[in-house]
Each structure stands twice: as C-alpha cells, then as structure tokens.
Amino acid sequence: MSKLLTRELIAEQAAIVEAPRKRHEVDRTFELPKGLYAATVALYLGFLAIMATGMSSPGLIIPMAIFTVFIVAGFGIPAIWTRLAPQSASKQMSFAQLRRDGISTLTGRLPAKDAAVQMLILPAIIFCWGIATITIAAVVR
C-alpha cells in the first residue's frame, strides 16, 4: 500500500528540469472606460461646487477644500497606480468594447448601459440631492 521512498531512490528515477520562469502579469486597469470614472469625479465635485456656492460661508471653506482633496486623491492615486512600473500588457476597456461585450460582474454579465447606470447611480443621486437641498434652502430663506 505504502512504500518508503528514500531520497537516493527518488534521485535515481527523477529527471529534474528547471521550470520556466514566467512573470506574473498584474491587471491594474479597473476595466471600465476612463470616461465613467471621470463622470463619477465630475458628479462628486459638482455636488461640492453646488453646496459651496449655495451655502457659501467663510466657515465652510476649509471643509470644502478638504472634501475636494479627498475626492481628487481618491480617484487620482489609483489613476497614478495604474501607470506604475512594471508595464503590463492589459489595456483599459474602451467604450466601443464595453458596448460590444458588456462587463462581467458577480451577478452576471451586464450590458454597457446597465454597467454605466450601476456605476453612476450613487454619484447622480448625490448630485441631485445637492440641487434639491440648495433649492429648498433658497425657497425657505
């Protein structure tokens, strides 16, 4: 059933071959087109701009500047990270490729329209919330 194999017995029978060294390829593209990320940043910064102009107060200058830095850093640092060495063969998906193939998610494949809606729904709601808040504040004054 079982047999004791000594190192010497294995060394006699084994053909030791060096395995080819394959470089591990890292995909740092975040897959979706850059335009969707730019739209997300624009909606978040638009919300801050609406709030800063509608609720202008000297006390809000520093918090708004901090929020702006956080949003820019939150999207800017990963954008820089995608271009760091080593260069990879993976390329970011174009809008045409997204329209043609869609994107695979944990719940299945999504067409381009559904993927864009899923990605932009929260930033769009936050932007609309800012508009509604400023409108209410203007009416109440």
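Points to keep in mind about this one:
- The range 17-42 - residue that is among the basic types (Lys, Arg) and at pLDDT below 80 and, of those, nearest to Leu120 (Cα to Cα): Arg28
- Only one of Ile61, Ile66 that is at pLDDT 95 or above and either in a helix (DSSP H, G or I) or within 26 Å of Arg141 (Cα to Cα) (or both): Ile66
- Listed conditions (1) touching a residue at least 60 places away in the same chain (Cβ under 8 Å); (2) exposed (fewer than 10 other Cβ atoms within 10 Å of the Cβ); (3) assigned to a helix (DSSP H, G or I); (4) not β-branched (Val, Ile, Thr) are all met by Glu8, apart from (1).
- If you go through the range 81-114 and keep only what is assigned to a helix (DSSP H, G or I) and within 28 Å of His24 (Cβ to Cβ), you end up with Trp81, Gln97, Leu98, Asp101.
- Applying a threshold of 7 Å to beta carbon distances and a minimum spacing of six or more residues, or different chains, the list of pairs starting in the range 59-84 at a residue that is touching a residue at least 24 places away in the same chain (Cβ under 8 Å) and closer than 17 Å to Pro123 by Cα and ending at one that is surrounded by 13 or more Cβ atoms within 10 Å (Cβ to Cβ) and of a type in the set (Ser, Thr, Tyr) reads Ile71/Tyr44; Phe75/Tyr37.
The values are calculated or read from the model by the stated rules, or taken from the named source; none is laboratory data. Keep in mind that what you see is a predicted model, and the values were worked out from it rather than measured. Every residue, glycine as well, gets a Cβ built from its backbone with ideal geometry; the counts of neighbours run over all protein chains shown.
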